[in-house]
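Presented below is the structure to which this report refers.
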Amino acid sequence: MTVALLLLAYAVLLAAVGPHAMRRARWVERAPRLGIAAWQALSLAFVISLVLGGLALSVPDLRLGTDLAELLRACLAALRVQYATPGGAVIGVSGAVLALLVGVRCGWRLAVTLARAITDRRRHRETLRLLGSQPHRSGAVVIEHSVPAAYCLPGIRQDIVLTSGALNALSEEQLRSVLAHERAHLRGRHDLVAAVAIALNSAFPGLALFRAAREETVRLLELVADDAAARSTHRLVAAEALLNVAGQPSPAGAFAAGGSGTGDRIRRLITGVRPFGRAQAALVGSATAALVALPVAGFAGPAATLLDTACCVTDPGAVSHAEICEAMPVTRDCLS
Ligand SMILES: [Zn+2]
């Protein structure tokens, strides 16, 4: 019970403090990849804490081991004791429902988000075909439109789309920068990273943690692509290129070069950012890993310790409360 409460309290703490702490972190502007990893770890740690907290409520003194039969026998015996009282049954069932709901809902929303993005892109490609798009020497697809716009359609088949207006507005160097930006989105499979953040936000509507994680993930993915564009040419060229194609929102399922927060991104490219040191990166990376490792260790640690010392009953069909206490001396106190 203590482990379950600690895990659930950890989830509440992450949801309450995490978004504010991350929004105030200035280092993400200098290391957007690490920033994305930190937001993902924060989201994952919350979900894991809920699922493991629910499991810890539903299965008392869960044991981990390599012998499956032994594990099942011990669990069955302990379960029979917990679910023998109305209070214990309510707590146990609530925990199981919580773990199941969170797991199924997250998986379902992710599947729906990915399916919707695939459908949007397929329709978009059909529209491009109907419009009679032309191939560009860079491999991009060109459509006749006076508005300067550039975006990519990710997926197994990957396309970069440019309007004729963009080709007219961009110099050769700026075009190279825009293409580098779009290729960074495609190469990094930023669509999958964004899909996870979008799915979790829809799985927990109204929760500030996931709303902030979605907004920040999408923004930071643009910074990652901007940095790739700056490396391919120069950050000032990337800023000029961005200025020329800014203002056009991304089509559904696509990443536009203009994208979101264009003004701040142009400012960031013009002023430049200080490099993020290796020591700082190691520190942030360790803290990010600890966010996820903490609930897993909190759940597995006590169970693994029990495994070393507890004896397991051999016949779950013939056990009584007294026999379980006798068979599992370590858990005697919590079973009584
Ligand atoms: Zn972009």
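Within region 140-275, antiparallel bridges make up roughly 65 percent of the DSSP beta bridges whose residues both belong there. Evaluating 6.51 cos²θ - 1.76 cosθ + 1.60 at θ = phi - 60° for every residue in region 10-23, the Karplus couplings come out as 5, 4, 5, 4, 4, 5, 7, 9, x, x, 5, 5, 6, 5 Hz, glycine and proline recorded as x.
A dipole drawn for region 140-275 from +1 and -1 charges on Cβ atoms has a positive end, and of Ser171, Pro275, Thr233 the residue lying farthest that way is Pro275. For Ala150, the amide hydrogen comes within under 5 Å of the amide hydrogens of Ala257, Gly258, counting only partners 5 or more places away or on other chains and with H modelled in the peptide plane. Using equal-weight Cα scatterers in the Debye expression, the normalised intensity of region 77-226 in log10 at q = 0.16 Å⁻¹ is -0.96.
When +1 charges are put on Lys and Arg Cβ atoms and -1 charges on Asp and Glu Cβ atoms, the dipole computed for region 128-249 relative to its Cα centre reaches about 320 debye.
Karplus-derived 3J(HN,Hα) values for region 229-240, using 6.51 cos²θ - 1.76 cosθ + 1.60 with θ = phi - 60°, are 5, 5, 5, 6, 10, 7, 4, 6, 5, 4, 5, 5 Hz; glycine and proline are entered as x.
Across region 178-190, coupling constants 3J(HN,Hα) worked out from phi with the 6.51/-1.76/1.60 Karplus curve, θ = phi - 60°, read 5, 5, 5, 4, 5, 5, 5, 4, 5, 5, x, 6, 4 Hz, and Gly and Pro carry x.
Packing, as the average of other Cβ atoms within 10 Å across residues, places the peptides 147-153, 263-269 in the order 147-153, 263-269, highest first. Report note on the peptides 44-54, 272-282: ranked by the mean count of other C-beta atoms within 10 Å, highest first, their order is 44-54, 272-282. Peptide packing for 13-25, 158-170 was compared via the average number of neighbouring C-beta atoms within 10 Å per residue; ordered from the highest value, the list is 158-170, 13-25.
Over region 140-275, the hull volume per residue, using the convex hull of the C-alpha atoms, is 108 Å³. Expressed as a whole percent, the accessible area of region 140-275 that falls on carbon and sulfur atoms is 56 (1.4 Å probe). Since only Ile266, Leu220, Ala256 are under comparison, the one whose Cα sits farthest along the positive direction of the charge dipole of region 140-275, derived from C-beta charges on Lys, Arg, Asp and Glu, is Leu220.
The values are calculated or read from the model by the stated rules, or taken from the named source; none is laboratory data. None of these values were measured; they are calculated from a predicted model. In this analysis, Cβ positions are derived from the backbone assuming ideal geometry, glycine residues included, and neighbour counts consider all displayed protein chains. Each accessible area value is taken on the protein alone, full model and side chains, heavy atoms only, with ligands, DNA and RNA left out. Shrake-Rupley method; radii C 1.70, N 1.55, O 1.52, S 1.80 Å.
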